[in-house]
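K.L.:
Structure incoming, see below.
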Amino acid sequence: MKAVVLTGIRKMQLTEIPEPVISSDKDVKIKLKTIGVCGSDIHYYSEGKIGSQVVDYPFRVGHECSGEIAEIGAAVDNVKVGDLVVVDPSVHCGSCDQCLAGRPHTCRNNKFLGCPGQIEGCLSEFIVMPSFTCFPVTGKLNAIQAALIEPLTIGVYAVNLAAIKNKNTTVAIFGAGPIGLSILMKLKADMVADVGMIEPLDYRLIKAGDIGASWQINPGEEEVEEEVKNRNELLLDVVFEASGEQEAVNNAIKILKPGGKLVLVGIPPEAQYVFNMDLMRRKELTLINVRRQNHCVQEAIDLVTSGAVDVEKMVTHEFNLEETPVAFDMVEGYKFGTVKAMINL
């Protein structure tokens, strides 16, 4: 089968590799239909690592995907051949303390699609996954919508963790990439009225406005704290950091009101942040870390099928498998107004 592999920093190669085979009676073989290019894929592309997860070349990335079931193991009963499925890229063991506590996303033995040292990614024509990772959506979603469920689940989970009870809660999001926009979509579906977007790229601010952001700030042109105070004198209740930038964290702490919540969703390039603990302590801010998603796949599917979320609004570019290197170069360099790039097979 055809596959695209990383061979070095900013180096990708289209190659032929053997098709995967089912090795467990609970596995399924999936013919990929659409693959989304994620920010974490770009970290591996441009830096060769995310924190301690270092690429051993050649390696195939990719974890946002949809596909049709091509073959099923003897014990599979949740999907059938021909089904279009959403693929949850996280494979948990089901028996460790974290899984038994209802936290499969922090499974001690977790293996993740497209993560170095775990599972080769989905930039290929076929993959094999355990059947429990597959959610059938035939007749409900198209292939692009189905592939976008994975990033949407992260936005859904982040908002759920923030536990916003009041629709009048004041909120800001740093970063209008796919994850920031997914957070925005979930907040708007929850009818949260006052949601602002803070983003240095004007074309992404426009996209956020189209999706429903109440206000936008470009931190390269405006002073964030001053602009927020002009809109909300008492500052904000919740801030989602989805950019992975230290400056965003600095500003988030400044614009949160006492008792506010800072939700960290972005991945910092250097795997660490520095916090102004004097200001955080005086405000008694709550810090919430987001680890991928937990039990949010079906909720994300329901949000899209109900029409509450139009997840395709974030898509700006589509490519075929052979054009994958072009897609990665565009996403990494924020070229040609790229927000979300999809690779169709």
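The values are calculated or read from the model by the stated rules, or taken from the named source; none is laboratory data. Just so it is clear, the structure is predicted and the values come from calculations on it, not from any experiment. Positions of Cβ are backbone-derived with ideal geometry, glycine not excepted, and every protein chain shown enters the neighbour counts. Areas reflect the complete protein model, heavy atoms only, side chains present, ligands, DNA and RNA absent. Shrake-Rupley method; radii C 1.70, N 1.55, O 1.52, S 1.80 Å.
K.L.:
Grab the other residues whose beta carbon is less than 15 angstrom from that of Asp278, score K and R as +1, D and E as -1, and report the net.
P.N.:
Computed value for this residue: +3.
K.L.:
Please compute the net charge surrounding Val81, taking Lys and Arg as +1 and Asp and Glu as -1 over other residues with Cβ under 9 Å from its Cβ. It would help to have the intermediate numbers written out before the result.
P.N.:
Numbers: positive: Lys80; negative: Glu68, Glu71, Asp83.
For residues surrounding Val81, the net value is -2.
K.L.:
Output needed: Cys residues of the chain lacking any neighbouring Cys C-beta below 4.7 Å, sorted by number.
P.N.:
When partners are defined as cysteine Cβ atoms under 4.7 Å apart, the chain leaves Cys38, Cys93, Cys96, Cys99, Cys107, Cys115, Cys134, Cys296 without one.
K.L.:
At 1.4 Å probe size, with every protein chain present, just tell me what the per residue accessible area of segment 14-53 comes to in Å². Write out the running numbers ahead of the final one.
P.N.:
Values: 1830 Å² over 40 residues.
About 46 Å² of surface per residue is accessible.
K.L.:
Quick one: which of Lys111/Lys186; Lys186/Lys254; Lys33/Lys340 span more than 19 angstrom between C-alpha atoms?
P.N.:
Lys111/Lys186; Lys186/Lys254
K.L.:
Modelled label-to-label distance, Gln118 and Lys335, 7 Å Cα→beta-carbon offset: nm?
P.N.:
My value for the distance between the label points is 2.9 nm.
K.L.:
Ok, one more. Using the Karplus curve 6.51 cos²θ - 1.76 cosθ + 1.60 with θ = phi - 60°, work out ³J(HN,Hα) for each residue of segment 107-118 in order, rounded to whole Hz, and write x for Gly and Pro.
P.N.:
3, 5, 10, 4, 10, 10, 4, x, 9, x, x, 10
K.L.:
Mind listing which trypsin sites (Lys or Arg not before Pro) in segment 255-328 are in a DSSP loop and have 16 or fewer other Cβ atoms within 10 Å?
P.N.:
Sites meeting the loop and neighbour criteria: Arg291.
K.L.:
Would you mind calculating the relative contact order of the chain from Cα pairs under 8 angstrom and at least 6 residues apart, reporting the percent as a whole number?
P.N.:
Once divided by the residue count of the chain, the mean separation gives 18 percent.
K.L.:
If Ser52, Ser46, Ser95 are ordered by their accessible area, calculated over protein heavy atoms with a 1.4 Å probe, which sequence runs from highest to lowest?
P.N.:
Descending accessible area places them as Ser52, Ser95, Ser46.
K.L.:
Give me a comma-separated list of calculated 3J(HN,Hα) values for segment 169-174, in order, Karplus coefficients 6.51, -1.76, 1.60 applied at θ = phi - 60°, integers in Hz, x for any Gly or Pro.
P.N.:
After applying 6.51 cos²θ - 1.76 cosθ + 1.60, I find 4, 8, 9, 9, 10, 9 Hz.
K.L.:
Considering amide H positions built from the backbone, and no H for Pro or chain starts, which residues 5 or more places from Ile217, or on another chain, come under 5 Å of its amide H?
P.N.:
Met197, Ile198, Glu199
K.L.:
Please give the length that would be gained between Val54 and Met1 if that part of the chain were fully extended, namely 0.36 nm times their separation in residues minus their C-alpha to C-alpha distance (nm, one decimal). Write down the numbers at each step before the final one.
P.N.:
Values: separation 53, 0.36 × 53 = 19.08 nm, distance 2.55 nm.
Taking Val54 through Met1 to full extension adds about 16.5 nm, to one decimal.
K.L.:
Starting from the amide H of Gly260, placed 1.01 Å from N in the peptide plane, find each other amide H under 5 Å away whose residue is 5 or more places distant or on another chain.
P.N.:
Answer set, sorted by chain and number: Thr286.
K.L.:
May I pose another question? Where only protein heavy atoms count, and the probe is 1.4 Å, what is the accessible area per residue for segment 196-261 in Å²?
P.N.:
44 Å²
K.L.:
Pop out the ³J(HN,Hα) list for segment 335-345 in order, Karplus 6.51 cos²θ - 1.76 cosθ + 1.60 with θ = phi - 60°, rounded to Hz; leave Gly and Pro as x.
P.N.:
8, 6, x, 5, 10, 10, 9, 10, 10, 9, 10
K.L.:
To continue, here is another question. First compute the accessible area of the chain with a 1.4 Å probe, then give the percent of it belonging to carbon and sulfur atoms.
P.N.:
Working: 7280 of 14820 Å².
Carbon-and-sulfur percentage of accessible area, whole number: 49.
K.L.:
How large is the charge dipole for segment 1-150, taken about the Cα centre, if only the Cβ atoms of Lys, Arg (+1) and Asp, Glu (-1) carry charge, to the nearest 20 debye?
P.N.:
Value, rounded to 20: 240 debye.
K.L.:
Using the Cβ atoms and a cut-off under 12 Å, what net charge is assigned to the surroundings of His105, where Lys and Arg are +1 and Asp and Glu are -1?
P.N.:
Overall, the nearby charge balance is +3.
K.L.:
Glu233 versus Ile288, label points 7 Å from Cα toward the beta carbon: distance in nm?
P.N.:
2.8 nm
K.L.:
Evaluate E = 1/(1 + (r/R0)^6) for Tyr203 and Thr138, where r is the Cβ-Cβ distance and R0 equals 35 Å; express this FRET efficiency to the nearest 0.05.
P.N.:
Once rounded, the FRET efficiency stands at 0.50.
K.L.:
Add -39500 (n - 2.57) for each DSSP H run of 4 or more in the chain, then divide by its residues: what number comes out at 222 nm, to the nearest 500 deg cm²/dmol?
P.N.:
Numbers: 10 runs with 98 residues, N = 345.
So the calculated ellipticity at 222 nm is -8500 deg cm²/dmol.
K.L.:
Work from the charge dipole of segment 153-283 (Cβ charges, +1 for Lys and Arg, -1 for Asp and Glu, about the Cα centre) and give the residue of Tyr157, Val249, Met280 farthest towards its positive end.
P.N.:
Checked the options; the winner is Tyr157.
K.L.:
Taking amide H positions as placed 1.01 Å from N in the peptide plane, with prolines and chain starts having none, which residues 5 or more places from Ser243, or on another chain, fall under 5 Å of its amide H?
P.N.:
Counting only residues 5 or more places away or on other chains, the set is Gly266.
K.L.:
Specify the residue with the greatest mean-square fluctuation among Val21, Val290, Val228, computed from a Gaussian network of the chain linking alpha-carbon atoms under 10 Å apart.
P.N.:
Looking only at Val21, Val290, Val228, the biggest GNM fluctuation is shown by Val21.
K.L.:
Can you list which of the trypsin sites (Lys or Arg not before Pro) found in segment 40-108 are DSSP loop residues with at most 15 other C-beta atoms within 10 Å?
P.N.:
Lys80, Arg108
K.L.:
Given a 1.4 Å probe and the protein chains all in place, what does the accessible area of Ile301 round to, in Å² to the nearest 10?
P.N.:
10 Å²
K.L.:
Right, something else. Run the numbers on segment 1-120 and let me know its relative contact order in percent, using alpha-carbon pairs under 8 Å that are six or more apart.
P.N.:
Rounded, it is 23 percent for segment 1-120.
K.L.:
Once R0 is set to 25 Å, what does the formula 1/(1 + (r/R0)^6) return for the Cβ-Cβ distance between Cys96 and Asn320, expressed as a FRET efficiency to the nearest 0.05?
P.N.:
Values: r = 40 Å, r/R0 = 1.59.
Working from the Cβ atoms, E equals 0.05.
K.L.:
What distance in nm separates the simple spin-label points at Ile42 and Lys11, each placed 7 Å from Cα in the Cβ direction?
P.N.:
Going from the Ile42 label point to the Lys11 one covers 2.3 nm.
K.L.:
Please identify the DSSP H helices in the chain that span no less than 15 Å along the helix axis (Cα) and have a mean Kyte-Doolittle hydropathy of -0.5 or more. Working shown, then result.
P.N.:
On the way: long enough: 143-162 (30 Å, 1.39); 178-189 (16 Å, 1.12).
Span-like helices in the chain: 143-162, 178-189.
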